[in-house]
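Read-outs throughout are calculated quantities, based only on the coordinates presented, and are distinct from any laboratory measurement. Everything numeric here is computed off the predicted structure, so don't read it as measured data. For neighbour counting, all protein chains shown are included, and Cβ atoms are generated from backbone atoms with ideal geometry for every residue, glycine included.
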Amino acid sequence: MLTVIVETADAGDRLPALLAALTSAAVEGLVREVLIAGGGPPELLAVLREETGAELAQDLAAALKAARSDRLLVMPAKIRLKSGWLEALARHLRGGGGDAILVGEGGFFGGQTYGVLLGRAPAAALAHPDLKRLRGQLRRGAVRLA
């Protein structure tokens, strides 16, 4: 089972939709816990915690330390998950669940958002973690999950 860490730095407005999508992953038994890193509007966060059971962390580094699972899926709140993402993730985890990149739907001007699936130890080894550095921690041959 995974700990999902959602970084809210620049897209707290998309957080409710992402948490709703993650609920199905929790029901499927893939997600153990969800941590929201980086804050957002306190009223919104209080409601989301109540409705989803997600926990709060001050920042990504604090979320990495608080994570209870050995496998982490770290993604930005602005990611738009593609249809079929849950099935692709489940299939990948059943097949051994190595490092992976979860690719979101294309953004403006062709920019894509992504999440990274990796072990807790490599993530915790970073002094100042962010998604770009976490992606750099992935082993060669990391799978792309669409």
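Points worth noting:
- For the peptides 34-46, 120-132, the ranking by mean Cβ contacts within 10 Å, running from highest to lowest, is 34-46, 120-132.
- Modelled FRET efficiency - R0 25 Å, Ala121 with Glu28, Cβ distances, 0.05 increments: 0.50
- For the stretch 1-61, the relative contact order is 41 percent, taking Cα pairs closer than 8 Å that sit 6 or more residues apart in sequence and dividing their mean separation by the residue count.
- When you restrict to C-alpha pairs under 8 Å that are six or more residues apart and normalise by the size of the chain, the relative contact order lands at 26 percent.
- Taking 20 Å as the straight-line reach from the Cα of Lys132, the lysines in range (excluding those fewer than 8 positions away in the same chain) are Lys65, Lys78.
- Summary value for the stretch 77-146: 39 percent relative contact order, contacts being C-alpha pairs under 8 angstrom separated by 6+ residues.
- Full extension of the chain between Lys65 and His92 gives 7.2 nm of extra length, using 0.36 nm per residue less the Cα-Cα distance.
- Ascending count of other beta-carbon atoms within 10 Å, so fewest first, for Ser69, Ser83, Ser24: Ser83, Ser24, Ser69
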